[in-house]
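> Before I ask anything, let me first share the structure, which is written out below as structure tokens.
The values are calculated or read from the model by the stated rules, or taken from the named source; none is laboratory data. From a predicted model like this one, the values you see are computed outputs, not experimental measurements. Virtual Cβ from ideal backbone geometry, glycine too; neighbours counted across all protein chains shown.
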Amino acid sequence: MLLDKDDERILAGEQGETKQKVLELLVALGKVFGAERLVPIASAQVSGASYKTIGEYGLQWLNSLDAKAVVPAVLNPIGMPRDRWQEMGVDPDFAVKQQAVVAAYERLGISLECTCTPYYLRETKFGDHLAWSESSAVCYANSVIGARTNREGGPGALAAALVGKTPCYGFHLDANRRPQVVVRVQADTRDWTIADYGALGYHAGKLVGNRIPFFTGIDPGKDQLKGLGAAMAATGAVALYHVEGVTPEARAGPFDLAGLETIAVESDEIKKLFREIPVDAVAVGCPHCSPAELDEIALLLKGKVVTKPFYVFASQGVIEKNQRTVDTIEKSGARVFADTCMVVSPVMEQYEAIMVNSGKALAYVPDMCAAVARIGTIGDCVRVGTE
Ligand code: F3S
């Protein structure tokens, strides 16, 4: 691998053992995947942030590191809201451990924005190289923004944050960003919501696996794209997709689609995922809510009182910029929590059935929370949460 003088000095240990070790990790990763060089990154997003997922060994490893991030870097959602964990009902023993994980990352210069939607906090531009971890964030960055990131593991993203570079392979290269399968949606999608696109992603992810799909027949907005990609990343391993006439690389195209398999998806295949089963909690914000989603929830909840635990998840930055909207939501008894989510927080394990508006949550809630998941629109979530 081609390394510059700075890299060689780091590898020689001139900037300390931690940077030496993490650059060795990046070089090893690059060699495994055939990277010819490292590429500077604009930002990092580091997973392995919830104590629920990294446990004691992960915490010990973080505490053994001694370096500072050299590019803007944020954390993935953690197991609790940092300042409202008692209100969410988090076990104090878990909170102590989670606070230790957060402190370890803070010491490493990682910003304590714990979110899967870092693109709402800091401008991420077309063509930016990134080292992001969380699968929905990766899918959004690659597909909706046209930035370039592989789906990094937590250690790889942290290493990239500390060095400011990542191995240049996979989605960093033009040649690996072309469609590999066409998904032709045969449905009237004009009134499709985020939940419909989440359900489409849930279904399509199973059909395409880890290939790069090229969608035709749909015209989603950004929040719908967010839901589509998040779900495909969960049920398949999609890290990049294109939508004809919508996503930036598809608009810049044209792609050569000759010879690609075409998969047709009918409306009925999507609608049958919307099962009407009883639930004991509602959770919206997977991925974390955009300002527009908060607006919609507030509009629908205004003047109502929730009758079930009703969780809304968003990043701290989005909450702070939309505090009045958040206040309106919370007047209903619903709670808008930052830093965490319905999948990584152990609190959600107390419920037997959870209503969501997300294809990704539909896929993950059964495994991660041991609960049945029901998908519906934000309107359905409000109706069920207040009846
Ligand atoms: Fe984000 Fe948690 Fe969903 S990390 S994408 S809200 S599972």
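> Give the stretch 92-106 a look and list any residue that's under 22 Å from residue 163 (Cβ atoms), touching a residue at least 40 places away in the same chain (Cβ under 8 Å) and more than 16 Å from the ligand (Cβ to nearest atom), or say none.
Residue satisfying the conditions is 104 alone.
> Also, I was wondering about something else. Pick out the one residue from 223, 191 that is farther than 16 Å from residue 364 by Cα and in contact (Cβ under 8 Å) with a residue 60 or more places away in the chain. Before the answer, list the steps.
Working: 191 fails: in contact (Cβ under 8 Å) with a residue 60 or more places away in the chain.
That would be 223, the only listed residue that is farther than 16 Å from residue 364 by Cα and in contact (Cβ under 8 Å) with a residue 60 or more places away in the chain.
> Follow-up question, since we're still on this one. Give me the residue from the stretch 33-51 that is outside any strand (DSSP E or B) and under 17 Å from the mean Cα position of the chain (by Cα) and, out of that set, modelled with the highest pLDDT.
Filtering the stretch 33-51 down to residues outside any strand (DSSP E or B) leaves 33-36, 41-42, 47-51.
Applying the additional criterion that residues be under 17 Å from the mean Cα position of the chain (by Cα) yields 47-50.
Values: 47: 94, 48: 87, 49: 90, 50: 89.
Among those that are outside any strand (DSSP E or B) and under 17 Å from the mean Cα position of the chain (by Cα), it is 47.
> Right, something else. Find the residue count for the stretch 226-270, including only residues that are crowded, with 23+ Cβ neighbours inside 10 Å, in a helix (DSSP H, G or I) and out of contact with any Asp or Glu (no Cβ under 7 Å at 6 or more places or on another chain).
Here the count works out to 9.
> How about the stretch 347-371: which of its residues are away from the ligand (no atom under 16 Å from the Cβ) and modelled with pLDDT of 95 or more? Spell out the reasoning first.
Taking the stretch 347-371 as the starting set, the residues that turn out to be away from the ligand (no atom under 16 Å from the Cβ) are 350, 352-353.
Hits for the stretch 347-371 are 352, 353.
> Further question: Mind listing whichever residues of the stretch 125-158 are out of contact with any helix residue (DSSP H, G or I) (no Cβ under 8 Å at 6 or more places or on another chain), crowded, with 24+ Cβ neighbours inside 10 Å and assigned to a loop (DSSP other than H, G, I, E, B)?
134
> Condition test on residue 233, is it within 16 Å of the ligand (Cβ to nearest atom) and either over 23 Å from residue 186 (Cα atoms) or outside the structural domain of residue 88 (by TED's automatic domain parsing) (or both)? Don't jump to the end; show me each part of the working.
Working: within 16 Å of the ligand (Cβ to nearest atom): yes; either over 23 Å from residue 186 (Cα atoms) or outside the structural domain of residue 88 (by TED's automatic domain parsing) (or both): yes.
The answer is yes for residue 233.
> Would you check which residues across the stretch 253-269 are hydrophobic (A, V, I, L, M, F, W, C) and either assigned by TED's automatic domain parsing to the domain that holds residue 381 or out of contact with any helix residue (DSSP H, G or I) (no Cβ under 9 Å at 6 or more places or on another chain) (or both) and list them?
Within the stretch 253-269, 257, 258, 260, 264 qualify.
> Are any residues in the stretch 204-241 over 20 Å from residue 134 (Cα atoms) and out of contact with any Phe, Trp or Tyr (no Cβ under 6 Å at 6 or more places or on another chain), and if so, which ones?
As a first pass, look at the stretch 204-241 and keep what is over 20 Å from residue 134 (Cα atoms): 207, 214-221.
The answer is 207, 214, 215, 216, 217, 218, 219, 221.
> More than 24 Å from residue 261 (Cα to Cα) and away from the ligand (no atom under 14 Å from the Cβ): which single residue out of 193, 189 fits that description?
Values: 189 fails: more than 24 Å from residue 261 (Cα to Cα).
When all the criteria are applied, what remains is 193.
> Mind listing whichever residues of the stretch 254-276 are among the aromatic types (Phe, Trp, Tyr) and at positive phi?
Residues of the stretch 254-276 that are among the aromatic types (Phe, Trp, Tyr), as a first pass: 255, 274.
Within the stretch 254-276, no residue meets the criteria.
> Taking the stretch 74-96, which residues are under 15 Å from residue 56 (Cβ atoms) and surrounded by fewer than 17 Cβ atoms within 10 Å (Cβ to Cβ)?
Once the filter is applied, which keeps residues that are under 15 Å from residue 56 (Cβ atoms) and surrounded by fewer than 17 Cβ atoms within 10 Å (Cβ to Cβ), the stretch 74-96 yields 93, 96.
> Here is a further query. Given (1) in contact with a Pro (Cβ under 6 Å, 6 or more places away or on another chain); (2) away from the ligand (no atom under 16 Å from the Cβ), where does residue 84 come up short, assuming only one miss?
Tallying (1) in contact with a Pro (Cβ under 6 Å, 6 or more places away or on another chain); (2) away from the ligand (no atom under 16 Å from the Cβ), residue 84 fails exactly one: (1).
> Given the conditions (1) over 21 Å from residue 37 (Cβ atoms); (2) touching a Pro at 6+ places or on another chain (Cβ under 8 Å); (3) among the basic types (Lys, Arg), report the number of the one that residue 165 does not fulfil.
The failed condition is (1).
> Quick check: anything in the stretch 321-337 modelled with pLDDT of 95 or more, within 15 Å of the ligand (Cβ to nearest atom), within 19 Å of residue 140 (Cβ to Cβ) and not hydroxyl-bearing (Ser, Thr, Tyr)?
No, the stretch 321-337 contains no residue that is modelled with pLDDT of 95 or more, within 15 Å of the ligand (Cβ to nearest atom), within 19 Å of residue 140 (Cβ to Cβ) and not hydroxyl-bearing (Ser, Thr, Tyr).
> Go through the residues of the stretch 92-108 one by one and say whether even a single one is within 15 Å of residue 50 (Cα to Cα) and not in a helix (DSSP H, G or I).
Residues of the stretch 92-108 within 15 Å of residue 50 (Cα to Cα): 92-106.
Imposing the further condition that a residue be not in a helix (DSSP H, G or I) reduces the set to none.
No, the conditions are met nowhere in the stretch 92-108.
> What number of residues within the stretch 110-123 are touching a Leu at 6+ places or on another chain (Cβ under 8 Å) and surrounded by fewer than 24 Cβ atoms within 10 Å (Cβ to Cβ)?
3
> Limited to the stretch 274-312, what total is found for residues that are surrounded by 24 or more Cβ atoms within 10 Å (Cβ to Cβ) and away from the ligand (no atom under 16 Å from the Cβ)?
Total meeting the criteria: 1.
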